[in-house]
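The values are calculated or read from the model by the stated rules, or taken from the named source; none is laboratory data. Values in this document were obtained by computation on a predicted structure and should not be read as measured data. We place every Cβ from the backbone using ideal geometry, glycine too, and count neighbours over all the protein chains shown.
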Amino acid sequence: MTATTTSTLTAGRVVAVHPFRLIVAALIVFAGLALVPSPAGAAGADQIGGTAVGFPNAPDTCDPTAVGPVNYILAMPEGSGSLVGCIYGVVEEATFNAGGQFLRRASETFVGCFEDRCGSFQLDATITSRWVNGEPFVGDQVNGRCQHKIVRGSGTGDFEGVNGRLDFKDILERDADGNLLAISFDYKGHLK
């Protein structure tokens, strides 16, 4: 079997290109694209991740009066991930429908550190979960997650000008009877 060549017009002249060379060129281009950093990485974003601890096991390192009245606190203790500090939340809106869908919108304040940078920033949180056999945090949770978008321009200290997002996934700990013992959250995201 013989390979056919492809002719292309380049600067007014015809150049013959062997198919093997076209394949090699395409592979080089695709391999180069695979090495290009993600848009977040290209823009200088720091990837973050870890576990936040919630009710009732939030350590007393979080001061409930640090930012004024709050409805909940999430702690990010030393050694639990990229962020060390506390998220203080105020529920703005919460709905629960007959189908078991729970939606909560909240304003949050993170106070703490990432590596050697410390300060605070505001977050807009959208929390969703589905429950059966009861209301949120009483019945059985089918799934749960939330998005916490950093409010542009809200950073203080070393977080001045920060932008980004955190995504959380719920982890519920229950006893043998199904009673809720504790809630923690695996998180990942980026800071720019």
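Just give me the residues in the range 88-101 being buried (at least 17 other Cβ atoms within 10 Å of the Cβ) and touching a residue at least 40 places away in the same chain (Cβ under 8 Å), in sequence order. Steps first, answer last, please.
Filtering the range 88-101 for residues buried (at least 17 other Cβ atoms within 10 Å of the Cβ) gives 88-89, 100.
Gly100, the sole residue that qualifies.
Tallying residues that are at pLDDT 95 or above, surrounded by 20 or more Cβ atoms within 10 Å (Cβ to Cβ) and among the β-branched types (Val, Ile, Thr) within the range 102-135 yields 1. Counting the residues of the range 151-183 that are in contact with a Leu (Cβ under 6 Å, 6 or more places away or on another chain), free of Cβ contacts under 8 Å to residues at least 60 places away in the same chain and either within 16 Å of Gly119 (Cβ to Cβ) or outside the structural domain of Gly99 (by TED's automatic domain parsing) (or both) gives 1. Among the candidates Ala94, Ala98, single out the residue that is over 16 Å from the mean Cα position of the chain (by Cα), on the phi < 0 side of the Ramachandran plot and at pLDDT below 90. Selected residue: Ala98, the only one of Ala94, Ala98 that is over 16 Å from the mean Cα position of the chain (by Cα), on the phi < 0 side of the Ramachandran plot and at pLDDT below 90.
For the range 123-150, which positions are within 20 Å of Lys188 (Cα to Cα) and either outside the structural domain of Tyr187 (by TED's automatic domain parsing) or β-branched (Val, Ile, Thr) (or both)?
Keep residues of the range 123-150 that are within 20 Å of Lys188 (Cα to Cα), which gives 123-129, 143-150.
Within the range 123-150, Thr126, Ile127, Thr128, Ile150 meet the criteria.
Of everything listed in (1) more than 19 Å from the chain's Cα centre (by Cα); (2) not in a strand (DSSP E or B), the single unmet condition for Phe159 is (1).
Scanning the range 120-152 for residues that are among the aliphatic types (A, V, I, L, M) and part of a strand (DSSP E or B) yields Leu123, Ala125, Ile127, Val132, Val142, Ile150. Of all the numbered requirements in (1) farther than 20 Å from Thr51 by Cβ; (2) out of contact with any Lys or Arg (no Cβ under 7 Å at 6 or more places or on another chain); (3) hydrophobic (A, V, I, L, M, F, W, C), Ile183 misses one, and that requirement is (1).
Residues that are small (Gly, Ala, Ser) and assigned to a strand (DSSP E or B) within the range 162-192 comprise Gly164, Ala182, Ser184, Gly189, listed in sequence order.
When Val151, Val142 are checked against the criterion of being exposed (fewer than 14 other Cβ atoms within 10 Å of the Cβ) and of a type outside the set (Lys, Arg), Val142 stands alone in meeting it.
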